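The values are calculated or read from the model by the stated rules, or taken from the named source; none is laboratory data. Worth saying up front: this structure is predicted, and the values here are computed from it rather than measured. FYI the Cβ positions are ideal-geometry reconstructions off the backbone, even for glycines, and counts take in every protein chain you see.
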């Protein structure tokens, strides 16, 4: 091989002795290609000597190559290597981790010690607030969590799930594509809330797959059956009524309740189950937001709770004949149902008709007094009389309660089943005290709510 004369001095074919005794085959890749490795840290004071040592690689005698062109490539790569090392700056071996308590920490000594990242706990939530799905508001303001739960359940059943089923039937009837079905569902279910993630796409795909010649008749029948959609509403409502909305903690129960609906041949339930299962928790959490705007009615769902606020008016309760009590808009303890003087006692005996009857499981009454008694010898708190105008009081609950603190909530569990009336008899055995006042009553039961939509705060 003939080299440039600049390398042949001081005599032809004379070369410097390189670092390799017999020369070496050079690497096949450039220094900044191939598999990278981390070297160091190295004290910068040594870098000039490292660079000087690297100069040895510029000797052509260090390399075994096939041509001058190959030699030029190798020597160019040597220069690149020297540049990479020569331009090295200060470095720090940093490791980061999240602790089980979600603290972000870093280590600069290989994990021997860890330090919390300043400001992480205080600022992280604000930084990602737009990505956190919150609970819907209580609408209208002042409504209870039960009503919000009913609104959301009605919306998810009717405006999300039912719409999806209807659009899938339309896609089957008109031989529409899967993409067309997804677009139609999005357009009718507040597309800005629908999370078009992989889960959302698979939800539509799984729904689309149910619509076959063998299933279409059953799916059409269920789509038009109000009883089926009432069952879907009640399944969702039953799982979320305590919390007032779908939450990460109860969303599994929501999906399980929907998938467990007993209906017909089960085809429609399977289709709805597949759809909401693929939507998952994030999908349901996002889609429920608009549900706060819906005025739902869950009075037909399995259990009910109705709230009578006597600070507003008498709420349709009627006092028994005689000195049995009076609703007053104002008085010593404010508006509410007051006891009247009745012989040596103060008594309040009043009742509320339940249209269509109901099974009452619990009654709560909030007392504003301070030391009146609820019940007494020979006197009983009575519920579920049939009919309301019954003169004789059944001893349904023989509970006798002593002095009651102001603002206490007294709870009774009736022993009578279905009836058309709730009746309360409250006796105080001390005329020297002020008249006791009942501020509100909550009635709990099973079956349809006889008073309308649930409204307990």
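Evaluate the stretch 70-87: report whether one residue or more is out of contact with any helix residue (DSSP H, G or I) (no Cβ under 8 Å at 6 or more places or on another chain), over 23 Å from residue 25 (Cβ atoms) and part of a loop (DSSP other than H, G, I, E, B).
yes
Pick from the stretch 278-310 the residues that are out of contact with any strand residue (DSSP E or B) (no Cβ under 6 Å at 6 or more places or on another chain) and more than 17 Å from residue 155 (Cα to Cα): which of them is surrounded by the fewest Cβ atoms within 10 Å (Cβ to Cβ)? Talk me through it step by step, then tell me what you get.
First pass over the stretch 278-310, keeping only residues out of contact with any strand residue (DSSP E or B) (no Cβ under 6 Å at 6 or more places or on another chain): 278-302.
Adding the requirement that they be more than 17 Å from residue 155 (Cα to Cα) leaves 278, 302.
Numbers: 278: 18, 302: 13.
By that ranking, first place goes to 302.
For the structure I just gave you, tell me whether residue 197 is modelled with pLDDT under 80 and surrounded by fewer than 21 Cβ atoms within 10 Å (Cβ to Cβ).
On the way: modelled with pLDDT under 80: yes; surrounded by fewer than 21 Cβ atoms within 10 Å (Cβ to Cβ): yes.
Here the answer is yes, as residue 197 does meet what is asked.
Based on this model, can you work out whether residue 246 counts as at pLDDT 90 or above, part of a loop (DSSP other than H, G, I, E, B) and buried (at least 17 other Cβ atoms within 10 Å of the Cβ)? Write out each step before concluding.
Values: at pLDDT 90 or above: yes; part of a loop (DSSP other than H, G, I, E, B): yes; buried (at least 17 other Cβ atoms within 10 Å of the Cβ): yes.
When the stated conditions are applied, residue 246 passes them.
Kindly evaluate residue 40 against the criterion of being within 30 Å of residue 120 (Cβ to Cβ), at pLDDT below 85 and in the same structural domain as residue 115 (by TED's automatic domain parsing).
Judged against the criteria, residue 40 is not a match.
Quick one: which residue in 357, 325, 316, 256 is surrounded by fewer than 16 Cβ atoms within 10 Å (Cβ to Cβ) and either in contact with a strand residue (DSSP E or B) (Cβ under 8 Å, 6 or more places away or on another chain) or under 28 Å from residue 410 (Cα atoms) (or both)?
On the way: 357 fails: surrounded by fewer than 16 Cβ atoms within 10 Å (Cβ to Cβ); 325 fails: surrounded by fewer than 16 Cβ atoms within 10 Å (Cβ to Cβ); 256 fails: either in contact with a strand residue (DSSP E or B) (Cβ under 8 Å, 6 or more places away or on another chain) or under 28 Å from residue 410 (Cα atoms) (or both).
Answer to the check: 316.
Sort out which residues of the stretch 57-110 are surrounded by 12 or more Cβ atoms within 10 Å (Cβ to Cβ) and more than 26 Å from residue 32 (Cβ to Cβ), and write them in order of number.
103, 104, 105, 106, 107, 108 - these are the residues of the stretch 57-110 that are surrounded by 12 or more Cβ atoms within 10 Å (Cβ to Cβ) and more than 26 Å from residue 32 (Cβ to Cβ).
Quickly run through the stretch 209-237 and pick out the residues that are at pLDDT below 85 and buried (at least 18 other Cβ atoms within 10 Å of the Cβ).
Those that are at pLDDT below 85 and buried (at least 18 other Cβ atoms within 10 Å of the Cβ): 210, 211.
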